[in-house]
């Protein structure tokens, strides 16, 4: 019996930072998770914790690092990941996951929380190399036309009819890997997000897969610093309601938005010659 | 043993409506709940359903009524409530609850879901009178300063220190009763919401109760068609992190956003001479 | 403009108590919410908090009272409610809401959390009288037969067919008012819960309303200390899947469990001569 | 730009099956997700769906297969996975994820839903080989003593004190890979679950990592058909409440159960000579 891959850390540290340098406050609202791997066999096998940096300490570190200001989430993640590995001989690899919650300014020190997708960042560092993945989750988009789904396989269990004009709605969960661990993170995020949204809006969709590929390609085209895009797109089905029993037509106007089940389309688009992913997507290969 | 107050209906009908009259589509996304009361003793006592309009029929009715367009949610609710009571001799009272989910336009037929509070409406009709309550739920607001909490009772269980400058954050759940069942619903909602938000932003708060009263009063001042405002404000605590163990100060910059427990402040503000609430807030008196 | 009904308090205090008097530990896991009403106009109108017992103090009080042991949740709620009103001249009424989370014993000091409904208690005290409501929430029950729904109203929006044999499933949310503020709470809860469950199981149901009335009546019959039962029963629809396209029959065997929309049946059953409810169900009349 | 790994399918098909062969009904309640991979480039690149089996068809297939009865979830998953790959030339690999929701019998055709962890199964089939992973999620366990955490690294951000006697609570998320795609699934699941629980209960824990390793090892020892166990254990922190301001001691009796942040311990335990994992854990290598 052997111990395999393992990691540990503090998850979902809720951190709110207010920059008060001027009367116009700046607000940053994050959920930060830390995961560390390294020379940790002893705590598993004997309970000897001499190599373990407590998860409570990890939490403290997140707050202490925030004192100097947060900046872009990728940079904040890099600073934390490098700190844990570089300061702790027993920690070989660190991964920092960040969610950034958006607020809209209402006044010099007033804000409203807005939900239109959540910016994410995942940074991994192994002592010599760092990988940065940026992303957006739960960005819900809808096209009310310009979407079809026809010409698919029909087998004995198929009852679905061709759809020439349907609603296409999804909650975009996208993450994109950067070529290097340095970039203009703010511009990169804004550009990638715009590319995703514009591709969704602009694609006359014959399948959600086609839209997915168009979205991933658009990010790669718009942002040369990005080498890989992974997308997970739930198909939020909107079913046309049959109103004929009530002697009404329904020319694509009244829909039932279903919860479950839902289609789930997942795919990756890579730049030609993308470097290997290394630890970008997970702490262990 | 006697049967007391009772009602039944179809809850959470998910309705999406697309107006396609022009190439620029209009999107309306609602969750509609129906509750009916009336001469319903028999189904309880003997299982005789002769007086019961099925909840499935209620759902169908919501979809059929949507075929003609939805308009403002208060008007849609009124139409449905009146239909059920006026068309069914056994139904004496109907209540329609609506949540409206916001989407931001991205193109002629493209939209992004946005979350910055949810508009609500609750309409009750008893065959002769209708009551309309509009509202907003989960509108999360924050002031990063201009909030204090001092001078409170100290008893043997009190450890809280005075706070001269704290974060004040809340998820606004507000509902306001209209004087009549006719109004310019769109303008009324927009005005009430603006009044709520501006009062939150503009109040130098000595307690969340004071902010609550300011918010309710602001709606009544701004909207003469409104006679009562009910507010439920969870206090989303943001605790200053103690960074002194790390030889850092923390002058109101680094906070821990707590989940539970939370303060919950609830209150009502009424216009002078507000008419009785009748069935505005519940199906049964 | 006038201030109407209002209350405030600390919600969702998570309290876990371990009795270690013997090597066989006893575990109690509660979520406790406090709401207070009284002479609170000043904090609303001027921000003067001289009459306000902080919600932080309320939380402290919950923990401090737990030190002496918890016992039955109704008794714990009564002690807290009486404390707040009797010790604070400015507090006229207190309401304590408790949820009790179940754990199953695995060993002398080991437990597994089990979910089969949550026991609840709501206690209100106004300085002279106390009201106690016990309950259970989210107790999910299903009968796979012995349920029908026929003979209902058919209007132009009705498409539902008679169902002679359907699945009946619901998440029981029930609360029952006690005649007095003293009872054998443990026996009362156990008996009421058994009565609810047995009535659900034993009723050959012609409508969920009939089952509701049977459940409420059963509690009143079994427990003379109970004078009113309120039930809220979502109808968790299970739709028979049409397998005929696949040349298969489906004699009541394969179902789709739908999320939304759902029927919602609510009703009250009262003992003959039940005393007035007073503040049992809400802090304000 | 190139298309990388991709898959698609229908997620969260809610399937309830009632076996009515005898008056004592048997109930099976599942949430089933299908994911397929294969020759799917065209739908991504051009929107040609000729190779796409619709997710709607996948849903239909789940229901149709259920008509013959479900049996153990691993076997049901294997049948579905093999069907999709063997019947569709364009589908190379299928993965079926199943969650089984527990109900307790109350009578011949009556049941109560119980939550004490959820049984899971994940089956992958690539046309020649099948991998089966069984598991349990959200099994919440607690030891009220016999847990310590001492002797850890102290760095400048460490404030945590040694804990000699603390509460240890976690929500077990465990999955274990089978050596072969044939086994007595019911006995295997029951045995693995018992091993997990008994190891949690029986380990005098010096760290949650030690408990994790003990749990994984126990499964491998008890079930020779299992070759790998993966565990993800959130540390549900219970903090001792400081009651000294109220002149009360707190000898391990009154705790605050925190929501976030939480420690998260993840690890793998492998049998000596475990065969390679292949596609057991993911559709793509």
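Residue A:267 - would you say it is within 14 Å of chain D (Cβ to nearest Cβ), over 25 Å from residue B:17 (Cα atoms) and not in a loop (DSSP other than H, G, I, E, B)?
It is true that residue A:267 is within 14 Å of chain D (Cβ to nearest Cβ), over 25 Å from residue B:17 (Cα atoms) and not in a loop (DSSP other than H, G, I, E, B).
If you scan the stretch B:9-26, which residues turn out to be under 21 Å from the mean Cα position of the chain (by Cα) and either surrounded by fewer than 19 Cβ atoms within 10 Å (Cβ to Cβ) or within 30 Å of residue C:270 (Cα to Cα) (or both)?
B:9, B:10, B:11, B:12, listed by residue number.
Does residue C:280 qualify as being in a loop (DSSP other than H, G, I, E, B), within 19 Å of the chain's Cα centre (by Cα) and within 30 Å of residue C:8 (Cα to Cα)?
The answer is yes for residue C:280.
Checking the structure you have, find out if any residue of the stretch C:82-97 is under 17 Å from residue C:13 (Cα atoms), under 23 Å from the mean Cα position of the chain (by Cα) and within 14 Å of chain D (Cβ to nearest Cβ).
The answer is no, given that none of the residues of the stretch C:82-97 is under 17 Å from residue C:13 (Cα atoms), under 23 Å from the mean Cα position of the chain (by Cα) and within 14 Å of chain D (Cβ to nearest Cβ).
Which condition does residue C:219 not pass, out of (1) surrounded by 23 or more Cβ atoms within 10 Å (Cβ to Cβ); (2) under 26 Å from residue C:151 (Cβ atoms), if it passes all the others?
(2)
Return the residues of the stretch A:258-267 that are surrounded by fewer than 21 Cβ atoms within 10 Å (Cβ to Cβ) and more than 12 Å from residue A:235 (Cβ to Cβ); say none if nothing qualifies.
Within the stretch A:258-267, A:259 is the sole residue that qualifies.
Could you list, in sequence order, all residues of the stretch D:8-19 that are in contact with a helix residue (DSSP H, G or I) (Cβ under 6 Å, 6 or more places away or on another chain) and either more than 7 Å from chain A (Cβ to nearest Cβ) or more than 23 Å from residue D:283 (Cα to Cα) (or both)?
Across the stretch D:8-19, the qualifying residues are D:15, D:17.
Please work out which one of (1) away from chain D (no Cβ under 14 Å); (2) in a helix (DSSP H, G or I) is the condition residue A:22 fails and give its number.
Unmet for residue A:22, out of (1) away from chain D (no Cβ under 14 Å); (2) in a helix (DSSP H, G or I): (2).
Going residue by residue through the stretch D:33-47, is there one that turns out to be assigned to a loop (DSSP other than H, G, I, E, B) and touching a helix residue (DSSP H, G or I) at 6+ places or on another chain (Cβ under 6 Å)?
Yes, the conditions are met somewhere in the stretch D:33-47.
Out of the strands (runs of 3 or more DSSP E) lying entirely within the stretch D:144-256, which hold 2 or more residues that are within 26 Å of residue C:31 (Cβ to Cβ), within 25 Å of the chain's Cα centre (by Cα) and more than 14 Å from chain A (Cβ to nearest Cβ)?
Correct list: D:168-178.
From the list A:79, A:35, pick out the single residue that is touching a strand residue (DSSP E or B) at 6+ places or on another chain (Cβ under 8 Å) and over 22 Å from residue A:111 (Cα atoms).
Only one candidate passes the filter, namely A:35.
Is it true that residue B:5 is part of a strand (DSSP E or B), surrounded by fewer than 17 Cβ atoms within 10 Å (Cβ to Cβ), facing another protein chain (nearest Cβ under 10 Å) and in contact (Cβ under 8 Å) with a residue 40 or more places away in the chain?
Yes, satisfied.
Right, residue D:105: within 27 Å of the chain's Cα centre (by Cα), more than 13 Å from chain A (Cβ to nearest Cβ) and over 30 Å from residue C:237 (Cβ atoms) or not?
no
What tally of residues in the stretch D:34-52 results from selecting those that are in contact (Cβ under 8 Å) with a residue 24 or more places away in the chain, facing another protein chain (nearest Cβ under 8 Å) and surrounded by 22 or more Cβ atoms within 10 Å (Cβ to Cβ)?
4
Values in this text are rule-based calculations from the coordinates and carry no lab data. Predicted, not measured: the structure shown is a model, and the values here were computed from it. Note that we place each Cβ from the backbone using ideal geometry, even for glycine, and neighbour counts take in every protein chain shown.
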